[in-house]
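*Asks:* Quick one: the structure is below, questions incoming.
The values are calculated or read from the model by the stated rules, or taken from the named source; none is laboratory data. Keep in mind the model is a prediction, meaning the values are calculated, not measured. Ideal geometry is used to build each Cβ from the backbone, glycine not excepted, and the neighbour counts take in all protein chains shown. With ligands, DNA and RNA removed, areas are computed over all heavy atoms of the protein, side chains included. Shrake-Rupley method; radii C 1.70, N 1.55, O 1.52, S 1.80 Å.
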Amino acid sequence: MKVSFLAPFLASLAAGVPTPPKNDVVSYDGYKVLRINTHGHPSTIREELSGITYEQWNRDVYKHLDILLSPDQVATVEALDLEYQVMHENLGESIAAESTSRSVWKREVGDLSWYDSYHDYQDHIQYFEDLQKSFPNNSELISSGTSYEGRNIYGLHLWGAGGPGKPAVLYHGNVHAREWITSPVVEYITLQLVTGYNNGDAQTRSFLDKYDFYIVPIVNPDGFAYSHTTDRLWRKNRQPPPKNGNQSCFGRDINRNWEFAWDANPLGASTNPCSQSYKGEAPSDAPETQGLDKLVRQLRDGAGIKLYIDWHSYGQYILSPFGYKETLYAPELGKWTKAAGIVSETIRDSSDARTTFTFGPSGATLYPTTGAAPDHVYSIGRAEFSYTIELRDTGKFGFVLPPELIRPTAEEQWEGQKALLSLLDEEFFDGEGPA
Ligand SMILES: *[C@@H]1O[C@H](CO)[C@@H](O)[C@H](O)[C@H]1NC(C)=O
Ligand SMILES: *[C@@H]1O[C@H](CO)[C@@H](O)[C@H](O)[C@H]1NC(C)=O
Ligand SMILES: [Zn+2]
């Protein structure tokens, strides 16, 4: 009988992934994150690492492989003849440095010190309610459904002159729980829209007078809460595994679960419930995806979707459809690429760090993804523009981005959005004009 208890325990040790003791926090003390140079030959490096258990952080591996190593694996990797930089000398310490105690936000909504630290789920709800109260006649709190654990997927609907009813701009933040930088970026953009409008800023007013904004800062609330309470590196939702799957593996990757082209490419997602990119048993079988999709279809059947952005980190990319097939180019790819290029240039020129964003169709630029939101919101939601934006950085800190980088990351994205929102209706996309 003892064996049946021991076996899963030993197996989880062997996988090298820390298992949370019940009601306890996963510790990354002594864990190291290394960025290994692959010199264009990632498979050679993977072979060298074949005897080692690690979690891979990035999938754009042509130049680098970012890997998380448990303390007992570190020496073995360091003994290999590899070129690498250390992203986190001790991930446990980096996580301790970024986290703040719970505060339940009580300051003025315009107080930018909100962007000097990360916040837990309750504080984010409070912040969004405060944003709504500061724009009472031009906004309403909305829900984009309910999570597996019963949390409301809250958001804000904002509008300008003439009341609601214009084409939609839809933003999704934090679908991947550990990508903490995404929700403050989406909140900062919301704050700029609200305060700009309230202050009579002509450009901001023109955005809200033309489009209705639907802004959902945390579309995966269960995963996000879990990344605060238990495992900082949690990515998926918190749905239990299917009956025939490994019962210790929770979560579906909401961004591999959307209906459109869900099953179109075996390389685009995983069928293994233990994988970080587990697609689910059927399209849209995550409650979060169902709720989010319902709003997408409502907006489509209303005034239509002008722009959709799914905010992620990390890597600094602006990616348009299609994700599910590298060689498939949509007829709108020209205008999407042109717009992404302008956003990229605007961000670079606006930031002291001269942050550089790579842009292009998702599958060809990065790797294939099936069941991802931007393909669905374009193909089913008929969005005119549909992007994934992967925020900072390019592999210095990865998911655990220090809090002092929240503000510059948010500020440059607001610059990028101003450029993008200004050009959505531009004539030059028709291809007319001087040769
Ligand atoms: C189930 O998943 C755990 C956690 O990833 C793993 O350690 C274990 O080996 C898996 N069990 C089986 C039977 O595959
Ligand atoms: C909202 O509208 C009401 C009624 O028209 C008006 O009295 C109030 O001043 C407005 N509030 C703001 C903040 O603009
Ligand atoms: Zn992501």
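*Asks:* Out of the range 256-274, which residues are out of contact with any helix residue (DSSP H, G or I) (no Cβ under 6 Å at 6 or more places or on another chain) and within 14 Å of ligand 3 (Cβ to nearest atom)?
*Replies:* Hit for the range 256-274 is Arg256, nothing else.
*Asks:* Please determine whether any residue of the range 252-273 is β-branched (Val, Ile, Thr) and either within 16 Å of ligand 2 (Cβ to nearest atom) or open to solvent by less than 20 Å² (accessible area, probe 1.4 Å) (or both).
*Replies:* Yes, the range 252-273 contains at least one residue that is β-branched (Val, Ile, Thr) and either within 16 Å of ligand 2 (Cβ to nearest atom) or open to solvent by less than 20 Å² (accessible area, probe 1.4 Å) (or both).
*Asks:* Would a scan of the range 190-205 turn up a residue that is within 17 Å of Asp123 (Cβ to Cβ) and either in the same structural domain as Asp116 (by TED's automatic domain parsing) or open to solvent by 40 Å² or more (accessible area, probe 1.4 Å) (or both)?
*Replies:* Taking every residue of the range 190-205 in turn, at least one turns out to be within 17 Å of Asp123 (Cβ to Cβ) and either in the same structural domain as Asp116 (by TED's automatic domain parsing) or open to solvent by 40 Å² or more (accessible area, probe 1.4 Å) (or both).
*Asks:* Would you tally the residues in the range 192-232 being within 16 Å of ligand 2 (Cβ to nearest atom) and touching a residue at least 60 places away in the same chain (Cβ under 8 Å)?
*Replies:* 5
*Asks:* Would it be correct to say that Asp222 is of a type in the set (Asp, Glu) and open to solvent by 10 Å² or more (accessible area, probe 1.4 Å)?
*Replies:* Against the criterion (of a type in the set (Asp, Glu) and open to solvent by 10 Å² or more (accessible area, probe 1.4 Å)), Asp222 does not qualify.
*Asks:* Looking at Val109, is it in contact with an Asp or Glu (Cβ under 6 Å, 6 or more places away or on another chain) and hydrophobic (A, V, I, L, M, F, W, C)?
*Replies:* yes
*Asks:* Do we find that Asn237 is modelled with pLDDT of 95 or more, surrounded by 23 or more Cβ atoms within 10 Å (Cβ to Cβ) and not assigned by TED's automatic domain parsing to the domain that holds Gln122 in this structure?
*Replies:* yes
*Asks:* In addition: Looking at the range 12-32, which of its residues are at pLDDT below 55, outside any loop (DSSP other than H, G, I, E, B) and open to solvent by less than 60 Å² (accessible area, probe 1.4 Å)?
*Replies:* Ser12, the sole residue that qualifies.
*Asks:* Where residues in the range 370-405 are assigned to a helix (DSSP H, G or I) and out of contact with any Asp or Glu (no Cβ under 7 Å at 6 or more places or on another chain), which of them is surrounded by the most Cβ atoms within 10 Å (Cβ to Cβ)?
*Replies:* Only one residue fits best here, namely Asp375.
*Asks:* Quick test for you: out of Trp311, Trp336, pick the one residue that is open to solvent by less than 10 Å² (accessible area, probe 1.4 Å) and over 18 Å from the mean Cα position of the chain (by Cα).
*Replies:* Answer to the selection: Trp336.
*Asks:* Can I ask one more? Looking at Asp123, is it in a helix (DSSP H, G or I), closer than 30 Å to Leu233 by Cβ and within 16 Å of ligand 2 (Cβ to nearest atom)?
*Replies:* Considered against the rule, which asks whether it is in a helix (DSSP H, G or I), closer than 30 Å to Leu233 by Cβ and within 16 Å of ligand 2 (Cβ to nearest atom), Asp123 comes out as no.
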